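What follows is a single structure, written as structure tokens, with notes after it.
Taken together, the values in this text are just the output of simple stated rules run on the coordinates, not laboratory data. Computed from a prediction, not measured in an experiment: that's the story for all the values here. Reconstructed Cβ throughout: ideal geometry from the backbone, glycine too, with neighbour counts over all protein chains shown.
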Amino acid sequence: MNQTKLSSLEAISLVLTITIAHTVLSLPRILLNSTKSATLLNLLYVTGIVILLAWLIYYCFKKFPGQDILDVSHFLGGNILKNIVGSLFILYFVVSSSILLRNFSQSIQVIYFPMTNVTFVILFFIIAMTIVNYLSFHASFKATSFIMPFAIISVLFLFLANIDNFSFSRMFPLLGDGIIDTFITGIGNVSAFCGISVLYFLPPLLKKPENYKKICIASIIISAIYLFLCVATLLFMFEFFISNDELMPLYSATRYIEFGSFVQRLESVFLLVWMIVFVCYLGITSKISILCFKKITKIKYHKPLVLPFSLFMFAITLLPKNYAESIFFENTIFRYCVWFFIFAFCIGILLIANWKMRTNKKEEIS
Amino acid sequence: MPLLEKLAHFLTWVPEKDYEFYLPEESSTQPVPEENKTQQQAIFPSVAVNLEYVKTAYNTMLNSDIVIREFNILARNRQYEAFILFIDGMVNSTMINDFILKPLMLRNSANSFEGEQDRVIAEAVTNNITVRKIKKFDIVSYITSCLLPQNSVKQVHTFSEIFSGVNSGNCALFIDTLNVVFDIEVKGFKQRSVSQPQNETVIKGPHEAFVENLRTNTSLLRKIVNNENLIMESVSVGNITKTKCAICYMKNIANDDLISEVQYRIHNLQIDSLLSVGQLEQLIVDQNTLGIPEILSTERPDKTSQYLLQGRVAVLVNGSPYAVIMPATISDFMSSTEDANLKPYFANFLKGLRLLAAFITLLLPGLYVAITCFHQEILPTELLFSILPTRQNVPFPVIIEILTLEISFELIREAGLRVPSPIGSTIGIVGALVLGQAAVSAGIISPILIIIVAITGIASFAIPDFSFGFHLRFFRFIFILLGFIAGFLGISIGIFVYLCILCNLKSFGTSFITSACTCSNKKSNDYFIPPIWKQEKRPAFLSTKKEKNQEAISMKWKN
């Protein structure tokens, strides 16, 4: 059954997809707004912290080979904690991806379908996600690994093609609003690495579990490089306060690409790639949510859950009354959720479970 | 079904019984379990009863080509009643006359020799006791070894075996008092000789193709592989036709689980008739999802041999000039036999072109519709200016325009295939003239669309595998619709779903996209081929018994 498991590259692609989906929307703008011209420096600093956290996650899971966060929660607090953690993860994945879908659909609607109701745009994504979820569990994960290189190339191309429009002086002052804003309050930017949430579910899905450490570190480093390219492109091209008004800052940057008079206005090609990445993201989050639900309810088959989950996500997508509400969720609530739930709560569970494991072993020996 | 029951069935979910087979990473050497043979009617000792049975079974009153020749056999100066059974037109009459009837009927030194009844083979005397080893007279072995000067004589015991032999051109010899029948090979029907491949032509490479005769096809493979480890298992498929198939594999290379799986699927086909390889292909694939081919079919013995030597399994069907090869990945459908004969630079260049051709076939019309309807900004201004005037006079929306032209193109292609070859070219000329020149002059269709459809059509013919090309041509209509409905949004969603469907496919336990997937590109799984001296390993996804294809240094003469 080795073919149903994930290779290291597929696993890294999963983590990257989540980061890229957020980056396509307003993540670079949020980073730029919080740390201004010091964003690149802050990103390096935050990357170091996240690498440490990723290593911590790997270290904690080392004592629980082949188990995910739900199994560890079960070990620590029985079924109750397992159900709580599982439900929180479902809520996190479903709500965050639904709201992100709303924002993305709204942006697509503004750009290409101004006369169309946003519900139709959302429905397109939901239908694709449902079809993909009906396929085997591995299919969308494998497809993601195909698409990921194109997404990375697109941003690399965006960076290189816009070099002529860069004004490198925009990275000064190097410390932005000061050391405190860059290194103390700027720690909040670890939420940019929200893809780390997938790492909690990877150990039982891996073809080679011994590569887990490599996957944790590599996925963070590649995510960091990707974020660095995106932020650098925006920082060098725009004044950060101007980019505030844009729906999708990266999309704005694509408009400036031109090679002679023939190759111009390539934004729709970029959007084509990013839309595919976004459907990948939806496929991954919904599949992990279904996996969580299946595990906490001990249901044998996942297919009956596909349609209810799709409808649930569709309903949540329609909840925000307007774009402002959904952007508020993405900019503010989501950041705190990532902070407290993904980094603090889950790592806390892993650490306590490790402590419990050590105590149990000591008791057994004595 | 009552309404309530229907409603309950609609509201409840019943798990599908998915058939799961995965090719293991490690090759197992478990012996293949023998199939349970059904009880079959044994031969009767009385020749009269056998004659009646045969006449009834073959409906000799109705069938004019069934020949039963009754005669008396002369063996050791004794006469036995006998008859031969064969089908006129399928046997070589001279062989029957000269090598069956003459030796058996006419008096000669062999059948008139009486000799000793029980021949003493050895004799030993111990303590005044003589011990003799005596060979009892056995008429069956006597007939086989003395009276039938034929190279292939089998002794069979059931009627089904006899009928199987007779149906394939053999002659059955029934003799009174014996409960055994001689199945003598005297095949002599007319068949097509080995000729050039019609659909898979190459420039540098052999010009031999399979024919309809199974034995000729197996001999073609034997000739190329030239190794005793090539196994060709014979299987009959179909309750009525009992079509002979041959499962071919290299026993020292192919994975045992793969062989067992192919045997299992073919042995478990409960069908009345099997008439072609295409039917067999549909009957043994894992999933028939959206018509994506999962088994490779080829008319080339060299291509089949190449795959057999990689560790795959091929199946030949009697009456079909094609072999099916399994498992197959997407890369196999994009490969041509020519690739192996070319230098890797050129072969990989061609493979790259074919990849481009596949993308064009699948996406170009859809992208054109999407750009025309939603994303005009992507077109450079100069190009836009040259396209606009050509579209101004066209009365139809772009979707009608493209669908009309695409369907017309498919019609021309289909008509060109079906009409006799001398007027095939006429169809092409008429199609090109009427649909191209006339439609543009009449202002029904824009010239740019003609270019798009023509490029798509040419690209579709660059796909080496007909089935895969067909699949892409069919799917482009879906992308046209998606492009029309939602532009690049529809296209992107279509691409993702299509990619997921490809990733979901399996061909005999191996992932369909193995060779194209960046994450599994190891051990010769690549889409692009390395130089021949670097092709050291067999594809990893086949889990073969012999991993290495050649030595690390294959060109030892250089050292």
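Overview of values
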{"read-out": "Among A:I163, A:N133, A:Y251 the positive-end extreme of the charge dipole of chain A (Cβ point charges)", "value": "A:N133"}
{"read-out": "Residues whose placed amide H lies under 5 Å from that of B:I445, excluding near-sequence neighbours", "value": "B:V440"}
{"read-out": "Order of A:M129, A:M115, B:M334, B:M232 - criterion: other Cβ atoms within 10 Å of each residue's Cβ, fewest first", "value": "A:M115, B:M232, B:M334, A:M129"}
{"read-out": "Alpha-carbon radius of gyration plus Dmax, which is the widest Cα pair, for chain A in Å", "value": "20.6, 79"}
{"read-out": "Listed peptides B:487-500, B:141-154, B:53-66 by packing density, highest first (mean Cβ within 10 Å)", "value": "B:487-500, B:141-154, B:53-66"}
{"read-out": "Order by protection proxy (mean Cβ within 10 Å, highest first), peptides A:211-220, B:466-475, A:294-303", "value": "A:211-220, B:466-475, A:294-303"}
{"read-out": "Given charges at beta-carbon only (K, R positive; D, E negative), |dipole| of region B:47-185 in Debye", "value": "460 debye"}
{"read-out": "DSSP bridge orientation in region B:47-185 - percent antiparallel, rounded to nearest 5", "value": "100 percent"}
{"read-out": "Rel. contact order, % - alpha carbon contacts under 8 angstrom, at least six apart, region B:349-511", "value": "43 percent"}
{"read-out": "Average beta carbon contacts from partner chains per residue of A:117-130, 10 Å cutoff", "value": "2"}
{"read-out": "Helix-only [θ]222 nm of chain B, DSSP H runs n ≥ 4, -39500 (n - 2.57) each, per residue, nearest 500", "value": "-12500 deg cm²/dmol"}
{"read-out": "Net dipole in debye of chain B [+1 Lys, Arg Cβ; -1 Asp, Glu Cβ; about Cα centre; nearest 20]", "value": "1280 debye"}
{"read-out": "Dipole of region B:349-511 [Lys/Arg +1, Asp/Glu -1 at C-beta], most positive-end residue of B:I458, B:G443, B:G469", "value": "B:G469"}
{"read-out": "B:K251-B:K190 FRET efficiency (beta carbon distance; Förster radius 25 Å; 0.05 resolution)", "value": "0.15"}
{"read-out": "Per-residue average of Cβ from other chains inside 10 Å of B:481-488", "value": "3"}
{"read-out": "Shielding by other protein chains, A:263-274, mean Cβ within 10 Å", "value": "4"}
{"read-out": "For region B:349-511: rounded, prolate or oblate by the Cα gyration tensor [a/c cutoff 1.5]", "value": "oblate"}
{"read-out": "Global geometry of region B:431-487, whether rounded, prolate or oblate, following the gyration tensor of its Cα atoms and the 1.5 cut on a/c", "value": "oblate"}
{"read-out": "Protection proxy ranking, peptides B:363-369, A:146-152, B:298-304, B:99-105, average beta carbon neighbours within 10 Å, highest first", "value": "B:298-304, B:363-369, A:146-152, B:99-105"}
{"read-out": "The protein assembly as shown: C-alpha pair distances exceeding 56 Å, %", "value": "29 percent"}
{"read-out": "Chain A: relative contact order in percent, alpha carbon pairs under 8 Å with at least 6 residues between", "value": "40 percent"}
{"read-out": "Rounded if a/c under 1.5, otherwise prolate or oblate - region B:226-271, Cα gyration tensor axes", "value": "oblate"}
{"read-out": "Cα radius of gyration and Dmax for region A:1-157 (Å)", "value": "18.6, 56"}
{"read-out": "Within chain A, helix-based [θ] at 222 nm, where runs of 4 or more DSSP H residues each add -39,500 (n - 2.57), nearest 500", "value": "-22500 deg cm²/dmol"}
{"read-out": "Cα-based Kirkwood hydrodynamic radius, chain B, one decimal, Å", "value": "28.8 Å"}
{"read-out": "Which listed pairs, of A:K142/A:K303; A:K5/A:K62; A:K295/A:K362; B:K154/B:K244, have C-alpha distances above 23 Å, in listed order", "value": "A:K295/A:K362"}
{"read-out": "Length-normalised contact order for chain B - Cα pairs under 8 Å, 6+ apart - percent", "value": "14 percent"}
{"read-out": "Test item: Cα-centred dipole of the protein assembly as shown, Lys/Arg +1 and Asp/Glu -1 on Cβ, debye", "value": "1700 debye"}
